[in-house]
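The values are calculated or read from the model by the stated rules, or taken from the named source; none is laboratory data. Note that the structure is predicted; figures quoted are calculated from it, not measured. Please note: Cβ atoms are built from the backbone with ideal geometry, for glycine as well, and neighbour counts cover all protein chains shown. Only protein heavy atoms, including side chains, enter the accessible area calculation; ligands, DNA and RNA are left aside. Shrake-Rupley method; radii C 1.70, N 1.55, O 1.52, S 1.80 Å.
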Amino acid sequence: MVSTPSSAFPPAGGPGPDADRITLGPADAEQRLVLLHGWGADADDLLDLAELLVDPRVSVVALRAPEPHPYGAGRQWYDLQPIDWDQLPAARRALRERLEALGASVPLERTVLLGFSQGGAMALDAGSALPLAGLVACSSYPHPDWQPRPPLCPVLLSHGEQDPVVPFEASRELQRRLAEAGQAAQLLAFPGGHTIDAGALPAIRQFVQACLGAADPAA
């Protein structure tokens, strides 16, 4: 969702071989960033964010949604056209299990979860029940039955005010529900559409670095 140079997040261990994910960074990393792509994309869609948000010592795992997209080569976390909320409990449970499995190599307490659009909705839904270091949801929305329960990790939201796909007010609703649960969440608004705005990346990076307890060399 962000156009960036393809130069270089040098992976110490190389891309992982698993069909359900792409893995970058050292095998013995002590911190991790997990990326969840949007509807109709695939695991590689957000990989350009790696070099922009974390340094090469951090493990980056881009998860692939389990279901094939009905209108193309991408993937989906559950059906959106038409929306099938009956698929959501299984999708939520499966993602939590995948995240908990990742916690065996890098603790969830040292993991930040970032999702875009449908991936952001899944990140908030599945991730808010886990002891993560932080959550980032970009151009996202709340699932109908999602009610965050404390204790909650820090959350950052970003959304385009002219988003034609997911209305900006969806992130306002996320912010409201989080506040009701006792977790204030910053909303980075930008004058754009359904994307991760390049102008928001410095603030997102600062948030991720703070959650991981790392000094940001770009600061």
Quick one: give the max-minus-min coordinate of the C-alpha atoms of the range 107-165 along each principal axis, largest first, in Å.
36, 23, 14
Rolling a 1.4 Å sphere over the protein heavy atoms, what is the accessible area per residue of the chain, to the nearest Å²?
44 Å²
Which one of Ser128, Pro144, Phe190 has its Cα pushed farthest toward the positive end of the charge dipole of the chain, where Lys and Arg give +1 and Asp and Glu give -1 at the Cβ?
Ser128
How large are Rg and Dmax for the chain when only the alpha carbon atoms are used, in Å?
15.9, 45
For a quick size check, give me the Cα extents of the range 98-219 along its three principal axes, largest first, whole Å.
39, 38, 25
GNM top mover of Gly40, Gly182, Gly120 - the chain, alpha-carbon springs below 10 Å:
Gly182
Listed residues Leu36, Leu178, Leu80; largest mean-square fluctuation, Gaussian network over the chain with Cα springs below 10 Å, found at Leu80
Roughly how many debye, to the nearest 20, is the charge dipole of the chain about its Cα centre, given +1 on each Lys and Arg Cβ, -1 on each Asp and Glu Cβ, and no other charges?
400 debye
Of the accessible area of the chain, with the probe set at 1.4 angstrom, what percent is carbon plus sulfur?
53 percent
Candidates Pro107, Pro191, Pro154; GNM for the chain (alpha-carbon contacts under 10 Å) flags as most fluctuating Pro191
Relative contact order of the range 15-107, defined on C-alpha pairs under 8 angstrom at six or more residues apart (%):
28 percent
Taking the range 113-179 and dividing mean pair separation by its residue count, relative contact order in percent (alpha carbons under 8 Å, at least six apart)
30 percent
